[in-house]
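Let me begin by presenting the structure, written as C-alpha cells, before commenting on it.
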Amino acid sequence: MEFSALQAIQLRVQRAMLAAGTQVRLLAVSKRQPDGAVRELVAQGQLAFGENYVQALVARSEVFHAIELEWHLIGALQSNKCRLAAMHADWVQSIDRSDIVAQLAGFRSADLPPLNVLVQVNIDDETSKSGCVVGNVPALCAAIASQKRLRLRGFMAIPRAHVEPDARRASFARMRALFDRARNDFDDLDTLSMGMSDDFELAIAEGATMVRVGTALFGARPG
Ligand SMILES: *Cc1c(COP(=O)(O)O)cnc(C)c1O
C-alpha cells in the first residue's frame, strides 16, 4: 500500500507532535499550484490552505466557493489590498505593522467572524525580510487586541534560510519564548506558525502549533 504525499506528511507531523506532546495543524501552501492539485488534497480531507498573494487567495476562494475551506494569507500585505484580504481571508498571518491593523478591522464585514491574525516576526533581524522586529511586537499586539473585528491568535515566523539546524533551532526557540511571554498578556493566543517543508519537524520539536508546507505536499512549484 502506498501513502499519498498528504498522508506521508500527516504521519511525520503526527510523529513529531506526539514526541513534543503538542497539537499541530497542517497548513497546505498552495501558492502557484494548479486548482486540480488543491482539489486532490481537499478530496483527501485537507481543508486549510495558504496563499502568498491577496489576488491569488481571492481567485482560489472563488474557485472553491462551494466547499468551506479555510484560507490563510501568508505573504506581505500592502495597504491597498486590505479590503480584499479582510473580505476573503479567514486568517492573515503576515501582520507586521500597525497601519494595516485598523484597515483590516475596518473592512472586516459584520456578518463574518472576526478575522484571525498572526503577527509576523522578523526573528533573525534580516533587513531584506518583512516581519515586525522583536522590540515592536508588544505594541503591535496591543494595537490588534484593541480591534473587535480582529482576533489575535499568535505569531508567524520564517527563520533565516541556509543555516545549520542548530541556528534554525535557536530561532524557533526564540519564537517560542516570545509566544509564551505574550500568552501572559493576551487571551486567545494559541497559534505559533513556523516550520516549512525543510524544517517542520524541527519547528514542532521547538513548539510550533501550525506548520506551513508547500513543496513537500505538492511537489515543486510551477515556474
Ligand atoms: C512558500 C511558503 C511556505 C511553504 O514553503 P515550502 O518550502 O514550499 O514548504 C511557507 N510559508 C511561507 C510564508 C511561504 O511563503
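The values are calculated or read from the model by the stated rules, or taken from the named source; none is laboratory data. Bear in mind that the values here come from a model prediction, so they are computed numbers and not experimental data. Glycine gets a Cβ as well: all are built from the backbone with ideal geometry, and neighbour counts include every protein chain shown. Each accessible area value is taken on the protein alone, full model and side chains, heavy atoms only, with ligands, DNA and RNA left out. Shrake-Rupley method; radii C 1.70, N 1.55, O 1.52, S 1.80 Å.
Data table
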quantity: Number of positions in the range 144-157 that are aliphatic (A, V, I, L, M) and either within 16 Å of the ligand (Cβ to nearest atom) or farther than 16 Å from residue 82 by Cα (or both); calculated: 4
quantity: Every residue from the range 59-76 that is among the hydrophobic types (A, V, I, L, M, F, W, C) and free of Cβ contacts under 8 Å to residues at least 24 places away in the same chain; calculated: 59, 66, 71, 73
quantity: Residue match in the range 138-161 (condition: of a type in the set (D, E, K, R), touching a helix residue (DSSP H, G or I) at 6+ places or on another chain (Cβ under 6 Å) and within 22 Å of residue 184 (Cα to Cα)); calculated: yes
quantity: Test: residue 77 is within 16 Å of the ligand (Cβ to nearest atom), of a type outside the set (Asp, Glu), outside any helix (DSSP H, G or I) and over 20 Å from residue 25 (Cβ atoms); calculated: yes
quantity: Cβ-Cβ under 7 Å pairs, at least 6 apart or on other chains, the range 156-169 side within 17 Å of residue 205 (Cβ to Cβ), far side within 15 Å of the ligand (Cβ to nearest atom) and in a helix (DSSP H, G or I); calculated: 157/175; 159/168; 159/171; 159/172; 165/202; 168/202; 169/202
quantity: Residue in the range 16-36 that is nearest to residue 4 (Cα to Cα), counting only those that are more than 17 Å from the chain's Cα centre (by Cα) and surrounded by 16 or more Cβ atoms within 10 Å (Cβ to Cβ); calculated: 33
quantity: From the options 84, 41, residue that is within 14 Å of the ligand (Cβ to nearest atom) and hydrophobic (A, V, I, L, M, F, W, C); calculated: 41
quantity: Total residues in the range 205-223, condition open to solvent by less than 40 Å² (accessible area, probe 1.4 Å) and more than 14 Å from the ligand (Cβ to nearest atom); calculated: 3
quantity: Residue in the range 96-110 that is within 19 Å of residue 28 (Cα to Cα) and surrounded by 22 or more Cβ atoms within 10 Å (Cβ to Cβ) present; calculated: no
quantity: All positions within the range 186-199 that are under 22 Å from residue 116 (Cα atoms) and within 13 Å of the ligand (Cβ to nearest atom); calculated: 193, 194, 195, 196
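Residue-by-condition table, conditions (1) at positive phi; (2) among the hydrophobic types (A, V, I, L, M, F, W, C); (3) at pLDDT below 95:
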| residue | (1), (2), (3) |
| --- | --- |
| 163 | no, yes, yes |
| 176 | no, no, no |
| 196 | no, yes, no |
| 203 | no, yes, no |
